[in-house]
Amino acid sequence: MSLSSRVIAALGAVVVIGAGTIGGSIAYASGQPKPTKTMATVTIGRSSHAVAPTPACFNGGKPLDTAARQACAQISNQPAGSFPVKLSVKSSDQLGVGIDPDSAKNGWRAFTNGGGAQGGAVVANFQKDTTFSGVQSAANLLTSNRDTALTVIEFDPATANTASPGIIAVWFVDLVNSAAPVASPQDATQGQDPSQGQDPSQGQ
């Protein structure tokens, strides 16, 4: 069964702790005794926010089985704005996504449900070993509404280059642009399926 595209919300509320980059800070998702080493990092302006995968969509570094993929798919059906981790962003910000080195070796990609056509915008095409997407204008990634869903996916390296790639972890983050209007229920944008028969290496 395929996994719907916004396959993860990270744990709990976001708690900002110590400086992680010059002039910035790192925010860790609360709700677990200590962070897993499998982490995604969302950089907004000069602040970096580290987020752990949700338990329902993470199996200790092993590919998700059918039951876990189904559980993740249920989470992914939630509209943007309903995920636990919420990060404030302005359209004038620069935004980038990173991933830990071990996860980067397996292959990963990141995208939002925003962009110019509101059909999805690429933050990072499928790549291996590279740990950071680089930054781009948030205006190119956000929806026209207040809430935009950001998805980061770590793939199973054994199947990453197949038409039906396995998935090791997925992160959901709500990007909140308080200057934009709240979406009406009928306009709430749902995510895409990250594996919809599509080779994850497409767009490398």
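The values are calculated or read from the model by the stated rules, or taken from the named source; none is laboratory data. As the structure is a computational prediction, the values presented were derived from the model and not from experiment. As a convention, Cβ positions derive from the backbone with ideal geometry for all residues, glycine included, and neighbour counts pool all protein chains shown. Accessible surface is based on the protein model in full, side chains and every heavy atom, while ligands, DNA and RNA are left aside. Shrake-Rupley method; radii C 1.70, N 1.55, O 1.52, S 1.80 Å.
Would you please calculate the Kirkwood hydrodynamic radius of segment 39-147 over all C-alpha pairs and express it in Å, rounded to one decimal?
It works out to 14.9 Å.
Each residue of segment 136-147 in order: what ³J(HN,Hα) in whole Hz does its phi give by Karplus 6.51 cos²θ - 1.76 cosθ + 1.60, θ = phi - 60°, with x for Gly and Pro?
8, 5, 4, 4, 7, 10, 8, 7, 7, 9, 4, 9
Pull out the extension gain between Q136 and K37, defined as 0.36 nm times the separation in residues minus the alpha carbon to alpha carbon distance; nm, one decimal.
Gain in length upon complete extension: 33.1 nm.
Tell me the per residue accessible area of segment 51-133 using a 1.4 Å probe; a whole number in Å² is fine.
Accessible area per residue: 43 Å².
H49's amide H: which non-local residues (gap 5+, or another chain) put their own amide H closer than 5 Å, with H modeled 1.01 Å from N in plane and none for Pro or chain starts?
Long-range HN contacts for H49: A27, V42, T43, I44.
At a 10 angstrom cut-off on C-beta neighbours, averaged per residue, how do the peptides 85-93, 63-71, 164-172 rank from highest to lowest?
164-172, 85-93, 63-71
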